[in-house]
Amino acid sequence: MTNSRAVPQEQIRHQLEFIDFIAHMQRDKQPRAFTATYGCQQNEADTQRLAGMLHDMGYAKADSAEDADIIVVNTCAVRENAENRVLGTIGAMAHLKKNNPDLIIAMCGCMVQQEHMTEKIKKSYPQVDLVFGTHALWRFPELLYRAMTGDKRVFDISGDAAGEIAEGLPVLRDGKVHAWLSIMYGCNNFCTYCIVPYVRGRERSRVPEDIEAELRALVREGYRDITLLGQNVNSYGKDLAQDIDFSDLLYRLNAVEGDFTLRFMTSHPKDASHKLFDTMAACDKVAKQLHLPFQSGSDDILRRMNRGYTAQQYRGLIDYARSKMPELTLSSDIIVGFPGENAQDFAQTLELVRAVGFDMLYTFQYSRRSGTPAAEYPDDTPHEVKQARFEELLRTQDACAEPRMKAYQDKRLRVLVDGESRHADYPFTARTDGGLLVYCAGNGLEIGSFAEIIIEKTALRSLFGREVRA
Ligand code: 5AD
Ligand code: SF4
């Protein structure tokens, strides 16, 4: 079954032809491509698709922008500082272009999907040859061909906000252990601070057949840790003709044979249901890990964020999830300094952090995004006050995380070894089922294999363990 929003296969074939044209054009060279990614896992997954196309066009991987024939910068628009970092990076590339006029500099992703940004790049960043937005990602081969063969800069931020899904394009993953698997794109929630629904368009789900086929291929290739991606995975399937929700999808994927772990992100509390937690508890391959952003502990702020739940409802969800999965690893996102946030609102955020007890928090200072409703909200909280709140939040979380991490001391855990570390005494990195980082030691450890370990030492953000021989 195909999705009604699927890009027609003949258009995908057309892109594959452009890949072949470019590969042919470069058959006597050994060109190199450098990619840089800002922002979320979805962006990392998108870059891996671009890397797959570049690979098939004949590009080898460049280790740095300095030795590249093409540079692709995949951008993020969620906060202003990410945008500023991108512009700094692009600005610094002007001299590379001077030294090598044949160099192609491309920018893509969420930041350039905004019209005012494209205008800025047109005017102030002449070194950029190619700009394409999130909706044009699958047309990269054709756009690059035009940039290589034409004498004009190429800009394409067209595309339907209702969105399309492109299946059948190549992908080149980093490493051999961990893989991203996109199950849906876009977001319909319109939280008032967030730019994502404007730059990534409406929610659209891949059909389960395509997702399962990709999972099977990954497992066959030896990937052991697979993260299902979507801006809001809990609304998976709502746009599909068939009757399927995220829990149904988890059951279906859990039934795929093989020794692997499934994770997912991100969940929205408004759509996280008891059914989801029952499913997680029942599915042996689904990691007992939950990233459930609550953003603020104040009901007033939550309402003005358009989040669709209260702090009490959030706590109820966590209580239920923990009753089903006592070992659950829990993380969340919080925004500090939302317009109008007062001392009492912030105190409620701290209270929620203390009451729930998170293993990990991702904390952000509010960043005004033009075009979003919150950008128009009045705000009289001074910057220093926001900064002080932010620091207090970090201290509070550290104080909560410490005993949680200490509780792992001397525990026996099954981990997946996923890389080499810089610790001489613990030369491998590994992940627990809950996704915590463990530095490991042991002669029998092998990257890409599961191992039994005993925790010897704990720190605030990681654990240290030694292999237990059977
Ligand atoms: N300012 C600060 N943080 C933001 N996020 C999204 N938009 C903004 C913004 N305008 C945060 C939210 C979200 C995470 C991915 O980024 O916490 O969950
Ligand atoms: Fe942004 Fe809210 Fe959608 Fe997350 S759920 S991407 S915070 S609008």
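Examine segment 292-305 for a residue that is assigned to a helix (DSSP H, G or I), in contact with a Lys or Arg (Cβ under 6 Å, 6 or more places away or on another chain) and under 23 Å from residue 330 (Cβ atoms), and state whether such a residue exists. Steps first, please.
Taking segment 292-305 first, the residues assigned to a helix (DSSP H, G or I) are 299-304.
Now narrow it down to the ones that are in contact with a Lys or Arg (Cβ under 6 Å, 6 or more places away or on another chain): none.
No, there is no match, as no residue in segment 292-305 is assigned to a helix (DSSP H, G or I), in contact with a Lys or Arg (Cβ under 6 Å, 6 or more places away or on another chain) and under 23 Å from residue 330 (Cβ atoms).
If you check every pair at least six apart or on different chains, which have Cβ atoms under 7 Å apart with a residue in segment 186-199 that is part of a helix (DSSP H, G or I) first and a residue that is hydrophobic (A, V, I, L, M, F, W, C) second?
Cβ pairs passing all conditions: 196/78; 196/187; 197/187; 197/190; 199/77; 199/110.
Within segment 357-387, which residues are more than 16 Å from ligand 2 (Cβ to nearest atom) and surrounded by 13 or more Cβ atoms within 10 Å (Cβ to Cβ)?
Within segment 357-387, 357, 358, 359, 360, 379, 381, 385, 386, 387 meet the criteria.
Output the residues belonging to segment 183-242 that are of a type in the set (Val, Ile, Thr) and within 27 Å of residue 76 (Cα to Cα). Before the answer, list the steps.
Of the residues in segment 183-242, the ones of a type in the set (Val, Ile, Thr) are 183, 192, 195-196, 199, 207, 211, 219, 226-227, 233.
Those that are of a type in the set (Val, Ile, Thr) and within 27 Å of residue 76 (Cα to Cα): 183, 192, 195, 196, 199, 207, 211, 226, 227, 233.
Looking only at segment 284-302, which residues are over 11 Å from residue 348 (Cα atoms) and of a type in the set (A, V, I, L, M, F, W, C)?
Initially, segment 284-302 is screened for residues over 11 Å from residue 348 (Cα atoms), giving 284-295, 302.
The answer is 286, 287, 290, 292, 294, 302.
I want to confirm something. Restricting to segment 254-275 and keeping residues that are in contact with a strand residue (DSSP E or B) (Cβ under 9 Å, 6 or more places away or on another chain) and not in a loop (DSSP other than H, G, I, E, B), which single residue is nearest to ligand 1 (Cβ to nearest atom)?
265
Six or more apart or on different chains, Cβ atoms under 7 Å: show the pairs whose first residue is in segment 112-124 and within 19 Å of residue 39 (Cβ to Cβ) and whose second is assigned to a helix (DSSP H, G or I) and hydroxyl-bearing (Ser, Thr, Tyr).
What qualifies is 112/118; 113/134.
Could you tell me whether any residue of segment 245-265 is buried (at least 18 other Cβ atoms within 10 Å of the Cβ), aromatic (Phe, Trp, Tyr) and within 16 Å of ligand 2 (Cβ to nearest atom)?
Here is the first cut: in segment 245-265, the ones buried (at least 18 other Cβ atoms within 10 Å of the Cβ) are 245-247, 249-250, 253, 260-265.
Now restrict to residues that are aromatic (Phe, Trp, Tyr): 246, 260, 264.
Remaining after also requiring within 16 Å of ligand 2 (Cβ to nearest atom): 246, 264.
Checked segment 245-265: at least one residue is buried (at least 18 other Cβ atoms within 10 Å of the Cβ), aromatic (Phe, Trp, Tyr) and within 16 Å of ligand 2 (Cβ to nearest atom).
For segment 318-355, which positions are of a type in the set (A, V, I, L, M) and either under 27 Å from residue 373 (Cα atoms) or within 16 Å of ligand 1 (Cβ to nearest atom) (or both)? Talk me through it step by step, then tell me what you get.
Narrowing segment 318-355 to residues of a type in the set (A, V, I, L, M): 318, 321, 325, 328, 330, 334-336, 343, 347, 350, 352-353, 355.
330, 334, 335, 336, 343, 347, 350, 352, 353, listed by residue number.
Of everything in segment 423-470 that's part of a loop (DSSP other than H, G, I, E, B) and among the hydrophobic types (A, V, I, L, M, F, W, C), which residue is nearest to the chain's Cα centre (by Cα)?
Narrowing segment 423-470 to residues part of a loop (DSSP other than H, G, I, E, B): 423-427, 433-436, 442-449, 459-462, 468-470.
Next cut, among the hydrophobic types (A, V, I, L, M, F, W, C) only: 424, 436, 445, 447, 459-460, 468, 470.
On the way: 424: 30, 436: 17, 445: 28, 447: 23, 459: 25, 460: 23, 468: 33, 470: 37 Å.
It comes out as 436.
Can you give me the ranges of the helices (runs of 4 or more DSSP H) entirely in segment 42-129 with at least 3 residues that are under 18 Å from residue 147 (Cβ atoms)? Write out each step before concluding.
Numbers: elements: 80-92, 94-99, 115-124.
Fully inside segment 42-129 and qualifying: 94-99, 115-124.
Looking for whichever is part of a helix (DSSP H, G or I) and among the aromatic types (Phe, Trp, Tyr) here; the options are 138, 180. Which one fits? Before you say what the answer is, go through the steps one by one.
Details: 180 fails: part of a helix (DSSP H, G or I).
On inspection, the qualifying residue turns out to be 138.
Please count how many residues of segment 277-310 are within 16 Å of ligand 2 (Cβ to nearest atom), touching a Ser or Thr at 6+ places or on another chain (Cβ under 7 Å) and not aromatic (Phe, Trp, Tyr). Walk me through how you get there before you give the answer.
First, the residues of segment 277-310 that are within 16 Å of ligand 2 (Cβ to nearest atom): 290-296, 301-309.
In the following step, the residues that additionally are touching a Ser or Thr at 6+ places or on another chain (Cβ under 7 Å) were identified as 290-294, 296, 302, 304-306.
From what is left, the residues that are not aromatic (Phe, Trp, Tyr) are 290-293, 296, 302, 304-306.
Of the residues in that region, 9 qualify.
Could you tell me whether any residue of segment 227-246 is farther than 29 Å from residue 295 by Cα, in a helix (DSSP H, G or I) and away from ligand 1 (no atom under 16 Å from the Cβ)?
no
Here, each number is a calculation from the coordinates, and none is a lab measurement. The model shown is predicted, which means the values in this text are computed figures rather than measured ones. Quick reminder, even Gly has a Cβ in these numbers, built from the backbone with ideal geometry, and neighbours come from all protein chains shown.
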